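Worksheet for the structure shown next.
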Amino acid sequence: MSIRIINKDSPRFQFFILNLMCFLTILSIIIIGVIFIHPFLTVSTEGDAHIYYVMVDSNFRDRRPIFMYRILTPLLVAILPVETLIGFIIVNLTGFYATSLLFYYFLRKIGFSFPISLSGVFLFIISPINIYLLQNICFVDFLTFFFFLLALYALLDSNKKLFLISVTIGTANKEILLITLVLFFFLELKEKDLRSSILSTLLISIPPISVFLIIRFIMGFNYIYFSFSRIVFVLRLNLFFFNRKLFYHPYMFYRTFGVLWLISFLYLYLKKIENRFLKNSIILLPFIFLLGFLSVNYSRIFFIGFPIIIPISLYLLKNPLQRNYLILILIITLILLIFQIIGPFYFESQFNFIVPNLISDIRSYIFYVLLISLFPISLMLILVYLIFKDFKIENSEENELSLETRNKIQIK
């Protein structure tokens, strides 16, 4: 009887481990959420998610700009022969799982090892934004994340056909996919002259922009969302929130990526990013930030940058920073963990779109905070590991030097 030895480096085994990790992590979050958090995997009675739900539930008779143009997720839900909420759960969980798997292959293609890529996928899954989206399931963000990541993967792989398909379909889900055309032009400009770059960008822009315009022609044009008055309104509203709650904006910014903002900035500042595509993709960040001027709950918009921020931060595992940097980041993460815990409670009284209807149930709030705290706690464990790993290496080097010195003295 022959015994088959498992090859831990084989793609099949690694794919199995990847799926096992994704499945168990997502399942654990859902089980904890459904049992202990109310509401969870449901829809709030107000806000963006409720508008998408009503749009499907009314057979698209209830149309509100800009939501009525983000048609892909609602259409898929409407096609399914199930109740509206169940349809959103099926479509969004499928999109979430598919994005997690694709993110692994994206990280591998950038050049990260299997363990580091797996760590990146885990951080993506347990991010506070995804916990929020799972709790309030009727958003369209999960498919947006998938097509945005697929577009970047296509550019990384120099696959223009796949890029065209992903941006065209993704635009039907959310117009933010159009900003990937900026990166396409920037990459073309690296290899071609200005005229050729503009021409190729215009050609590849035709299908997604056509989809963008056709949807608006069918559903009815409305320019309010992109108007100057809308920008002024949002700015005034954000100023109002700032006046009512001083730490509102720092919290909204922090909860997107936590201390990964700081880590990625350090690697940018120290110029420790090895992958050229990742360096080039940073050009998208200013456009993502600008889109925040059109939104109040802008954490979800910022999170579209996860294929940029998380990979840059993963260099922490590949090329660790000096120990003093690691200790400083650990202290900051520990302090900001308190921010993570009290943040939802601090803002719930007036801004219920952050954590809708949780404060009334203390158990729900505790378990919700537990889930969103997994992200900073995981980062703290990584930092502690790197600090002690660095410390052990230094000690072993010192021991080797002292041993060498003793041997030289004995020889003399």
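The values are calculated or read from the model by the stated rules, or taken from the named source; none is laboratory data. Source: prediction; values computed, not measured. Neighbour counts are summed over all protein chains in view; Cβ atoms, including those assigned to glycine, are modelled from backbone coordinates with ideal geometry. Accessible surface is based on the protein model in full, side chains and every heavy atom, while ligands, DNA and RNA are left aside. Shrake-Rupley method; radii C 1.70, N 1.55, O 1.52, S 1.80 Å.
Restricting the first member to segment 197-212 and to residues that are over 10 Å from ALA172 (Cα atoms), and the second to residues that are of a type outside the set (A, V, I, L, M, F, W, C) and loosely packed, with under 13 Cβ neighbours inside 10 Å, the beta-carbon pairs closer than 9 Å and six or more apart or on different chains are SER197/LYS190; SER197/GLU191. When each of ILE179, ILE206, ILE218 is tested for being assigned to a helix (DSSP H, G or I), at pLDDT 95 or above, open to solvent by 80 Å² or more (accessible area, probe 1.4 Å) and within 23 Å of THR73 (Cα to Cα), the lone residue that passes is ILE206.
The test for being within 25 Å of ASN280 (Cα to Cα), touching a residue at least 12 places away in the same chain (Cβ under 8 Å) and in contact with a Leu (Cβ under 8 Å, 6 or more places away or on another chain) holds for VAL121. For PHE147, which of the numbered conditions (1) at pLDDT below 95; (2) touching a Lys or Arg at 6+ places or on another chain (Cβ under 9 Å); (3) not β-branched (Val, Ile, Thr) fails to hold? It is condition (1) that PHE147 fails.
Table: residues versus (1) closer than 19 Å to ALA172 by Cβ; (2) more than 22 Å from the chain's Cα centre (by Cα); (3) in a helix (DSSP H, G or I).
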| position | (1), (2), (3) |
| --- | --- |
| ILE26 | no, no, yes |
| TYR53 | yes, yes, yes |
| MET68 | yes, yes, yes |
| VAL82 | no, yes, no |
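If you check VAL91 against the conditions, is it open to solvent by 10 Å² or more (accessible area, probe 1.4 Å), at pLDDT below 95, assigned to a helix (DSSP H, G or I) and aliphatic (A, V, I, L, M)? Taking the combined requirement at face value, the residue does not satisfy it. Filtering segment 349-368 to residues that are open to solvent by 10 Å² or more (accessible area, probe 1.4 Å), modelled with pLDDT of 80 or more and either within 28 Å of SER117 (Cα to Cα) or part of a loop (DSSP other than H, G, I, E, B) (or both) leaves only PHE367. Scan segment 117-134 and tell me whether some residue there is β-branched (Val, Ile, Thr), open to solvent by less than 30 Å² (accessible area, probe 1.4 Å) and over 21 Å from ILE17 (Cα atoms). Checked against the condition, which is being β-branched (Val, Ile, Thr), open to solvent by less than 30 Å² (accessible area, probe 1.4 Å) and over 21 Å from ILE17 (Cα atoms), segment 117-134 yields at least one hit.
PHE184 satisfies every condition listed in (1) outside any loop (DSSP other than H, G, I, E, B); (2) out of contact with any Gly (no Cβ under 9 Å at 6 or more places or on another chain); (3) within 30 Å of SER28 (Cα to Cα); (4) open to solvent by less than 20 Å² (accessible area, probe 1.4 Å) except (3). Is there a residue being more than 23 Å from ILE89 (Cβ to Cβ), open to solvent by less than 40 Å² (accessible area, probe 1.4 Å) and hydrophobic (A, V, I, L, M, F, W, C) anywhere in segment 52-70? Yes, there is a match, as at least one residue in segment 52-70 is more than 23 Å from ILE89 (Cβ to Cβ), open to solvent by less than 40 Å² (accessible area, probe 1.4 Å) and hydrophobic (A, V, I, L, M, F, W, C). Here VAL43 fulfils each of the conditions (1) over 24 Å from LEU178 (Cα atoms); (2) modelled with pLDDT of 90 or more; (3) open to solvent by less than 40 Å² (accessible area, probe 1.4 Å); (4) β-branched (Val, Ile, Thr) apart from (2). Can you pull out the residues in segment 259-284 that are touching a Phe, Trp or Tyr at 6+ places or on another chain (Cβ under 7 Å) and under 17 Å from PRO307 (Cβ atoms)? Within segment 259-284, TYR267, ILE273, ASN280, ILE283 meet the criteria.
Is at least one residue of segment 154-166 without any contact (Cβ under 8 Å) to a residue 60 or more places away in the chain and at positive phi? So far as segment 154-166 goes, yes, one or more of its residues are without any contact (Cβ under 8 Å) to a residue 60 or more places away in the chain and at positive phi.
From the list PHE302, PHE257, PHE265, PHE253, the one residue that fits, being open to solvent by 60 Å² or more (accessible area, probe 1.4 Å), under 21 Å from GLY120 (Cα atoms) and under 15 Å from the mean Cα position of the chain (by Cα), is PHE253. The requirement of being under 28 Å from ALA154 (Cα atoms), part of a helix (DSSP H, G or I), among the charged types (D, E, K, R) and without any contact (Cβ under 8 Å) to a residue 60 or more places away in the chain is satisfied by LYS279.
Just the residues that are assigned to a helix (DSSP H, G or I) and either touching a Cys at 6+ places or on another chain (Cβ under 7 Å) or touching a residue at least 60 places away in the same chain (Cβ under 8 Å) (or both), please, taken from segment 319-344. Within segment 319-344, ARG323, LEU326, ILE327, ILE329, ILE332, THR333, LEU336, PHE339, GLN340, GLY343 qualify. Restricting the search to segment 290-318, which residues are β-branched (Val, Ile, Thr) and either assigned to a helix (DSSP H, G or I) or without any contact (Cβ under 8 Å) to a residue 12 or more places away in the chain (or both)? ILE301, ILE304, ILE308, ILE309, ILE310, ILE312 - these are the residues of segment 290-318 that are β-branched (Val, Ile, Thr) and either assigned to a helix (DSSP H, G or I) or without any contact (Cβ under 8 Å) to a residue 12 or more places away in the chain (or both).
A count restricted to segment 221-238 and to residues that are within 26 Å of the chain's Cα centre (by Cα) and either of a type in the set (A, V, I, L, M) or at pLDDT 90 or above (or both) stands at 4.
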